[in-house]
Amino acid sequence: MKFLLALLPLVAAAPGLPPLELGEAPPPGSVTIRGVSYGGTGCPQGTVSSQINNDRTIMTLIFDAYIASIGPGIPVTEQRKNCQLNVDIAYPGGFQYSILSADYRGYSAIEKGITGTLKSTYYFSGQREQTSTQYNFEGPVNGDYLKHDEADSTSVVWAPCGTNGMLNINSQVRLTSKNPASTGLLTTDSTDLKFTQVVYVQWQKCTPQ
């Protein structure tokens, strides 16, 4: 109940949004991922491949060029890479959903004095509200990582009622240094976008005006 109550101020602040009945969800199998477009320094065209499971509720994106690096002789432009994802979701009319969870997998090789940052911002096309999540790596760290990225329930953003809102995810990997002699490498290998209706997505039903 605490989670649902936290949504009420956001719903009330959205102009023109009809009253909502919380907790209802679309029928199983009625939500599909139609496709994804992308662009950015961390995901140039041709460097991202995607896999969608049979019921089209989980999309896995594989990045070939999402790598930030820092150190002597490395251009400053390599210290930060970003990727803009636009995910097209189809679902029955009369419903809306809140921001999903995502699993990020990658590799970090960061020496002492280096800080790595993985940040994602989520928002829907045509809406100003957004929410962000962030994870920091403090060197020294070395090895593969798996991070579960989940939006804070106090800043939940909802898809617009009356239309299938395009979900936008603006992510970045960034390295900063307190020691010019230190080096660092931070990559993102894949993102699993899970749209299962029980665990990763909070649904609510729009009430007709």
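The values are calculated or read from the model by the stated rules, or taken from the named source; none is laboratory data. Values in this document were obtained by computation on a predicted structure and should not be read as measured data. Note that each Cβ is placed from the backbone with ideal geometry, even for glycine, and that neighbours are counted across all protein chains shown.
Tabulated values for the structure
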| quantity | calculated |
| --- | --- |
| Pick from the stretch 61-84, criterion in contact with a Leu (Cβ under 8 Å, 6 or more places away or on another chain) and either among the polar types (S, T, N, Q) or farther than 16 Å from S108 by Cβ (or both), ranking: modelled with the lowest pLDDT | L61 |
| Positions within the stretch 57-105 being part of a strand (DSSP E or B) and of a type in the set (S, T, Y), in sequence order | T60, S69, Y97, S98, S101, Y104 |
| Single match in S120, S132, S125 (criterion: under 18 Å from C83 (Cα atoms) and free of Cβ contacts under 8 Å to residues at least 24 places away in the same chain) | S132 |
| V76 vs. criteria without any contact (Cβ under 8 Å) to a residue 24 or more places away in the chain and of a type in the set (V, I, T) | yes |
| Number of the condition not met by G162 [criteria: (1) part of a strand (DSSP E or B); (2) touching a Cys at 6+ places or on another chain (Cβ under 9 Å)] | (1) |
| For P92: the one exception among (1) surrounded by 14 or more Cβ atoms within 10 Å (Cβ to Cβ); (2) modelled with pLDDT under 95; (3) within 24 Å of G126 (Cβ to Cβ) | (1) |
| Extreme residue, surrounded by the most Cβ atoms within 10 Å (Cβ to Cβ), among residues of the stretch 106-154 that are at pLDDT 90 or above and in a loop (DSSP other than H, G, I, E, B) | G139 |
| Any pair with Cβ under 7 angstrom, 6 or more apart, that starts in the stretch 34-62 at a residue that is within 16 Å of Q172 (Cα to Cα) and free of Cβ contacts under 8 Å to residues at least 40 places away in the same chain and ends at one that is in a strand (DSSP E or B) and of a type outside the set (G, A, S) | T47/F63; V48/Y38; V48/L61; V48/I62; V48/F63 |
| Selection within the stretch 188-209 - modelled with pLDDT of 80 or more and surrounded by fewer than 21 Cβ atoms within 10 Å (Cβ to Cβ) | D189, S190, D192, W203, K205, C206 |
